[in-house]
Every structure is written in structure tokens, then in C-alpha cells.
Amino acid sequence: MSELTVRAATGLSAHPTIDMRTRLAGAPFPNPVFTASGCAAAGSELNQFFDVTRLGGVVTKSIMMAPRSGRPTPRMAETPSGMLNSIGLQGPGIEAFLDRDLSWLAERGARAVVSIAGGSVEDYAALARRLNGRPGLTMVEVNISCPNVEDRGQVFACDPHAAAAVVAAVRRATAPEVPVFAKLSPDVTDIVSIARACVEAGADGLSVINTLLGMVIDTTTLRPALGGITGGLSGPAIRPVAVRCVWQVKQALPDVPVLGMGGIRTGLDALEFVLAGADAVSVGTTVFGDPTAPIRVLHELAHALAERGFERFRDAVGLAHQPPAAYVPEEPDPVGDEPEAPRPAVGFEDEL
Ligand SMILES: Cc1cc2nc3c(=O)[nH]c(=O)nc-3n(C[C@H](O)[C@H](O)[C@H](O)COP(=O)(O)O)c2cc1C
């Protein structure tokens, strides 16, 4: 499968012929557009809008060992150009996930990127062991934006040692051919130091970024709008932060594959991440308003690349890190040409 084919469901016009294949740590994907964890459950809900096997990959909601009911309601608040959520990793637990969700993805031939979350290093290792060898498992994404119950609730992703300990345990418990990606939090002073710690601990790639910690206060009730008080900010509001994080990580670790995300709504948004260094992108919050968004973004990205003269997606990855193409001046005017008469300033007379 070498060329992009996006048709039907979304009623989009004919696609350009462009090689959209990508690789993440040796794993081949037919195209670079994935769902984002927590924004499309395990893919079956999206499948009523388009065939999820047409995406590069389906990143599932972070799964924990035991079933969880999540945080108190309300769990969502609107923000300018974004959304604040405090779902609190509600989920069915690993056993139900394996029986129902992962088998569903595997039967359809979707490339499942399974996101895992835990409260201790051992939780993460146990999840990786349960996933090991399961049909349909293409990649593991380690959600380290969770409080470490063994360290006063300090978030793993905010401490390079804790982040590294989780990654090393998951890497050890996972088959070598299955890439392990660590998902970074932007809520740190130096994202590169966390990225480096994860890679040195064995991460094959990095997912960049998770939500930013935020808060909304309801001016009618005069209290926090979310039951969980704070929540994760996502959507277009965070895109420049996410692009900056992808850029910094790619600049420091150019050989490490990156799955970029944060506020992608269109193909041009996705292209920004690709130029900053993302080898693939995840589409998250936008899906709540437009369930066809991932497949539309794929289509728009292919068009955007074709319009800019690319024949292969891979050629655009990280391109913004290269110096701009050299300026080539036009041929000088032949000697003796009359200088051009000065032009009147447009609208000048109207202003008098
Ligand atoms: C409602 C909601 C639930 C999320 N759940 C998870 C999750 O379970 N695990 C995770 O790693 N990220 C989770 N995220 C973060 C997204 O995967 C993504 O990293 C982030 O929202 C930025 O992308 P976006 O702006 O396109 O949504 C969640 C985001 C939202 C909005």
C-alpha cells in the first residue's frame, strides 16, 4: 500500500497521488494520521463515520489495570479555542479492553496503538506484560502524565527519573519489535531533559504533547467549573505550545521518531507539526465536534503536500529545521533601461 486513498464517507474530492507512508521506530504505517488517546475511545464509535483502518493508527484511551469510574462531574469546561477536561482515566480495565476493544481492532486489521497508564512503575510493567503478544498490538504509548502513588502524587512525566523508570519497565516487558513511545507533558520547564531521559531508558519514540494543566472558575457559582477542580487543556489554544515542543524535541534528538499532537483541526495544522519534526500526528479534541476530522485531516494534508510540490510525505518531516532556500535574485535589468516611474500611493487622494 504505497499511495493515499481517501474517498467516500466524507465526500471529499479526488485525492492527489502522493506517497503518505511513514515509519515509527521501524513500524510501517500507510499514512501519518492517527487518533489521539482519549478522544476516540477504542475506535469503534468512529467507525460509524469512516473505516478506521484507513487511518495510520488508532490510539486507544489510556487503559489501567483495574476498571475505573473516573473523576467527579462536571468533567468538561469550555475555554477560548480549547477544552478543559478532567475525565480521570475512566475505563473498563485491561481484561475487558483486551477481550472487547483490542480484539475488535485486530479483527478489522486496524493498527492499534495502545495507551497505558498506572499509578506505579509496577502497574505499567504489568500492563505491558498483559499486552505482550496480543494480536493487533502495533505500538505501545505510555501515558506518563499520571500521579505516582509511591511519590506523593508527583506526576511521572514531570520528573526525568520517574519517567525513565516507567519507560524502562515497559520496554523490558514488551516484545522488541513493538515500539514503545513515551507521551510527554508540556507542564515542565525543560521538555528536552524529560525526552532525553525517556529515550535513554529505552523509549523508541515520543508522543508530544499531552494536555496542559488548567482551571476554569464558574462566575455564577463562584466555584471551580470542574468537579476535579483542575483539568487538561487541549484544542487549538495549545497548538503553538505543542509545535514548539515538537520542534525542541526534534532539534535535540533528531533521530527519535515523534508522534505530534495538540490542537490539530486541519491538514495545514498537521503540516505545521510535520515541518517541526513530527513523523506522524494525532487528531484529538477536534473529533468531538467533527467525528470525520482524522480522515479529513489526512486528505487535507495530502493536498497541502501536493500543492507544495512534495511527492512523499517523508520529505516534509522536519523540513522547517533546514535553513530557508537561498534567495536567487532575478536577472539584473539591462544597462540603459529607464528607471521605473514612481507609483502614486494607493488611496492617498481619498485621505486628503
Ligand atoms: C477528553 C480527553 C481525554 C483524554 N484522555 C487521554 C488519555 O486517556 N491518555 C492520554 O495520554 N491523553 C489523553 N488526552 C490527551 C490527548 O490525547 C492529546 O494529547 C491532547 O488533547 C492534545 O491534542 P488535541 O488538542 O488534539 O486534543 C485526552 C484529551 C481529551 C480532550
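The values are calculated or read from the model by the stated rules, or taken from the named source; none is laboratory data. Given the structure is predicted, the values throughout are model-derived calculations rather than measurements. A quick note on method: Cβ atoms are made from the backbone with ideal geometry, for glycine too, and the neighbour counts reach across all protein chains shown.
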Taking the condition of being out of contact with any Pro (no Cβ under 9 Å at 6 or more places or on another chain) and either of a type in the set (A, V, I, L, M) or modelled with pLDDT of 95 or more (or both), how many residues in the stretch 1-35 meet it? 12
Only one of these is assigned to a helix (DSSP H, G or I), of a type outside the set (A, V, I, L, M, F, W, C), away from the ligand (no atom under 12 Å from the Cβ) and over 25 Å from residue 285 (Cβ atoms): 123, 101. Name it. 123
Among (1) outside any loop (DSSP other than H, G, I, E, B); (2) within 12 Å of the ligand (Cβ to nearest atom); (3) buried (at least 23 other Cβ atoms within 10 Å of the Cβ); (4) of a type outside the set (Asp, Glu), there is one condition residue 288 misses while meeting the rest; what is its number? (3)
Tell me yes or no: at least one residue of the stretch 85-95 is among the acidic types (Asp, Glu), within 16 Å of the ligand (Cβ to nearest atom), over 18 Å from residue 234 (Cβ atoms) and not in a loop (DSSP other than H, G, I, E, B). no
Search the stretch 223-243 for residues that are polar (S, T, N, Q) and pair each with any residue that is surrounded by fewer than 18 Cβ atoms within 10 Å (Cβ to Cβ) when their beta-carbon atoms are under 9 Å apart and the residues are at least 6 apart or on different chains. 230/213; 230/215; 230/224
Across the stretch 48-80, what is the total count of residues that are part of a strand (DSSP E or B) and more than 17 Å from residue 285 (Cα to Cα)? 2
Spot the failing condition for residue 186; the list is (1) away from the ligand (no atom under 16 Å from the Cβ); (2) in a loop (DSSP other than H, G, I, E, B), and only one is missed. (1)
Which residues, counting only those in the stretch 232-267, are part of a loop (DSSP other than H, G, I, E, B), within 12 Å of the ligand (Cβ to nearest atom) and not β-branched (Val, Ile, Thr)? 235, 261, 262, 263, 265
Consider residue 112 carefully, then state whether it is away from the ligand (no atom under 16 Å from the Cβ), of a type outside the set (Ser, Thr, Tyr), modelled with pLDDT of 95 or more and out of contact with any Cys (no Cβ under 7 Å at 6 or more places or on another chain). no
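Table: residues versus (1) in a loop (DSSP other than H, G, I, E, B); (2) under 22 Å from residue 261 (Cα atoms); (3) out of contact with any Phe, Trp or Tyr (no Cβ under 9 Å at 6 or more places or on another chain); (4) hydroxyl-bearing (Ser, Thr, Tyr).
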residue	(1), (2), (3), (4)
138	no, yes, no, yes
142	no, yes, no, no
150	yes, no, yes, no
161	no, no, yes, no
169	no, no, no, no
175	yes, no, yes, no
